[in-house]
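Report on the following structure.
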Amino acid sequence: MGLRMNRLFSWAMVFTLLVNVFALAFFVQPAQATGTIYIRADGSIDPPTAPMRRNGNVYTLTNDILGSIVVERNNVVIDGNDYTLQSSGAWVGTGVDLSGRQNVIVLNTQIKAFDIGVLLNSSSYNSISGNRVTNDHSGVDLGSSSNYNSISGNNITNNEYGISLGGSSGNSISGNNITANDYFGISITSCSNTSISGNKLANDYFGISITSCSNTSISGNKLANDYFGISITSCSNTNINGNYIANSSTLGITIAFSPNNRIEGNNIANNLHGGIELDYSSSNSINENNIADNGRKGIYLGRSSSSRIFHNSFVGNPHGVVSEESVNTWDDGYPSGGNYWSDYTTRYPSASQIDASSIWNTPYAIDASNTDHYPLMSQPVIPEFQPFLPLSVLMSVMLRSHAREYDSLNSTHAQYLQNHSYTNVEYSDLQASLTQATNLGNILMVAVAALVLALGVSIAFFARARKTRIKQL
């Protein structure tokens, strides 16, 4: 009876051990690293125990980090491998510091809860691509003299400031998802030759805010449900074209103290207070826009003269135009024509067509100082807005462009880009597959070790039981 109880006890112990070991294999994760990790100028990783793998000039995270990364070397790739870089407290420190760096790519990293998620200061020809930047005070911050950088394909959400640029030139912001940032989605001050294209901005206070800048291109973006859509102050030579701007709580586009800007080919609709507003801004061009169903007015002009405004479609706005102390040109002459006004036939029921020109023979009076002499009979054709290229195409073009733009990178860096021209979806799937395979391999190794350990324990128990039985005999 005693021998039988010993055997049952032995088997129970073995079973319990196996269950506990397998539970550890499946549910226990390695602890994340803490502190600041440096990529030194000589390429070394400091501390050497940091969860980061180096392959030439490519540095890949192997675990989450509660702390920061400071890069002191040019011509490198930082691949977050979908791991998280997180501040040790709310809005503390900098996530990835690229101050003074050139030709660095940061991709596929989750960056959260820092004062600044990614910092570029006096940094040029860098790329911030395919990252998730959330819950920071400032998501991506380009300080003075940070030129010819690319910020593309990132998710930048729930920050105070999404992307901020100051005192820099030749930067590109493209294909990002920028949403639910408390103050600014994109804020640019004292910059020149900036390109903002193909971004999705929603639920930010200011979608895009440009101040004291020149030669800025804002094209192909989709802005929805922001408090202000696009705000331009003290700027010149801004080109705003092909954007979709809708459902702002105030105005779609505001321009103040800014001459010689161009607003063309945009869809501006359902903005609560109005579509476009110009204050103290003269000699601007507003053409081929669809300005529809905005609250209060389609366009407001206050002390803003000498602009050319034609080939636009004004539909369903309570007031098509409100003009105060402003005199502007509202048509391009005959036979090019002026604008389409949805209330025209109500105001001028007896008007008729001039020859076969599709132009009404009665001018459309805006006020005593402003008249559209050649109002259009039908809405001008405005190209259908395509807010985004398919993401796979966008990411492929973006990654290929890195190889062209950063031809000064060393061969390891260039080879990395060549070998990693995945689409965004393919890259994510690849990373997920690699992570899954790595996790499975780790689990199997632990499981094998557990089986070996359990087998050893079982042999020991049975040997002891056999020895006890022999003594009893």
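Taking the Cα-to-Cβ direction at residue 92 and at residue 283 and moving 7 Å from each Cα, how far apart do the two end points lie in nm?
5.3
Taking the alpha-carbon centroid of each part, what is the distance from the range 286-319 to the range 128-203 in angstrom?
The range 286-319 and the range 128-203 have Cα centres separated by 29 Å.
So if we plug the beta-carbon distance of residue 343 and residue 237 into 1/(1 + (r/R0)^6) with R0 = 51 Å, what FRET efficiency do we get, rounded to 0.05?
0.90
Going by the alpha-carbon gyration tensor, a ≥ b ≥ c the square roots of its eigenvalues, is the range 225-267 rounded (a/c under 1.5) or, if a/c is not under 1.5, prolate (a/b greater than b/c) versus oblate?
oblate
Looking at the range 251-301, which GluC sites (Glu not before Pro) are in a loop (DSSP not H, G, I, E or B) and have at most 14 other Cβ atoms within 10 Å?
none
So for 52, 377, fewest C-beta neighbours within 10 Å to most, what's the order?
Values: 52 23, 377 16.
Placing the least packed residue first, the sequence is 377, 52.
Using a ≥ b ≥ c from the Cα gyration tensor of the range 33-327 (square roots of the eigenvalues), is it rounded, prolate or oblate, where a/c under 1.5 gives rounded and otherwise the larger of a/b and b/c decides, a/b for prolate?
Values: a/c = 2.99, a/b = 2.30, b/c = 1.30.
In terms of gyration-tensor shape, prolate.
Would you mind putting 355-367, 335-347, 140-152 in packing order, based on average other-beta-carbon counts within 10 Å, highest first?
Listed from highest to lowest mean packing, they are 140-152, 335-347, 355-367.
Points 7 angstrom from Cα along the Cβ direction at residue 358 and residue 55: gap in nanometres?
The modelled label-to-label distance comes out at 5.7 nm.
Stretch residue 381-residue 44 to full length: gain in nm at 0.36 nm per residue minus the Cα-Cα span? Provide the component values of the computation, followed by the final result.
Working: separation 337, 0.36 × 337 = 121.32 nm, distance 5.84 nm.
Residue separation times 0.36 nm, minus the Cα-Cα distance, leaves 115.5 nm.
No value in this document is a laboratory result; all are computed from the given coordinates. Because the structure is a prediction, the values reported are computed rather than measured. Methodologically, a virtual Cβ is constructed for each residue, glycine included, from the backbone with ideal geometry; neighbour enumeration extends over all protein chains shown.
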